[in-house]
1. Which one, 72, 144, 108, has the greatest fluctuation when you compute a Gaussian network model over the chain with C-alpha springs under 10 angstrom?
2. To make sure I understand, if each residue's beta carbon is the centre and we count other beta carbons within 10 Å, what order do 136, 268 fall in, fewest to most?
3. What angle do you read, to the nearest 10 degrees and between 0 and 90, between the alpha-carbon axis of helix 87-96 and the longest principal axis of the chain?
4. Only helical DSSP H runs with n ≥ 4 go in: add -39500 (n - 2.57) per run for the chain, normalise by residue count and round the 222 nm mean residue ellipticity to 500 deg cm²/dmol.
5. Assuming a ≥ b ≥ c are the square roots of the Cα gyration tensor eigenvalues, decide whether the chain counts as rounded (a/c under 1.5), prolate (otherwise, with a/b larger than b/c) or oblate.
6. In the Gaussian network model of the chain, springs joining C-alpha atoms below 10 Å, which of 19, 173, 231 carries the largest mean-square fluctuation?
7. Taking neighbour Cβ counts within 10 Å as the exposure measure, how do 48, 155 sort from fewest upward?
8. Over the chain, calculate the relative contact order: mean separation of alpha carbon pairs under 8 Å at least 6 apart, over the residue count, as a percent.
């Protein structure tokens, strides 16, 4: 199932995407009505990440690109993110930051504010007084459907509701200045997400997914998720040993090489830049960057 959150005249509506069209949840899903994708997650988990649907007589919603919101527009708590989880990216990042690269023995875990989340086609407004070095990072995001503490690696996939695409936009100058990454990762709008949540029954082997990112039509990133240093089960096991994962938690699994800071010279996003972030099998984000003084 492919779930989306669609903005309508009467407020956000949970929709099911089928053959490129969107249908209101209440019209096609054999389950109680829901007000949000977050509310739908327990129902999905109770039915092994799938629910019966029928399109008989259902009328498709009239959805424009700008009507699509992030699948979970307001996550229940900050996004959990992995840093340097692709070896080639770890090397380019260290070089770009003027640091010595070293082999990771454990995941680098940081968080990103919920207020950073925006839609798959949203314009991202950047205050040039805050940052001049905006970078892009296409990532696979894992959506937790059933929470838990000390989840065993072999049980990890049974806790996943689905997957989506995330662009972990980053203010490199803030990241460098503050050392701890939270501020550099969390300006408003710095987490475009979507366009849909693909339930886990539709993506049985996420390691085979391919991540790609284009800036103004130039492909900068392109790599399989299987290149991750720490895979999804290991990350869920590691994080849940320390804190209890909850329904609706979002874990961004890191980005492959090709980001702006890794190029020589670095090439950060400019005013008017169009960033397309795609994971084949899930969908794509298309976000325009605009520098606007507050």
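Where a number appears in this text, it was derived from the coordinates with a stated rule and is not lab data. Everything numeric in this text was worked out from a predicted model, so none of it was measured. Neighbour counts run over all protein chains shown; Cβ positions are idealised from the backbone, glycine included.
1. 108
2. Starting with the residue having the fewest Cβ neighbours, the order is 268, 136.
3. 50 degrees
4. The helix contribution divided over the chain gives -4000 deg cm²/dmol.
5. The shape class here is oblate.
6. 19
7. Ordered from fewest to most neighbouring Cβ atoms within 10 Å, 48, 155 come out as 48, 155.
8. That works out to 25 percent.
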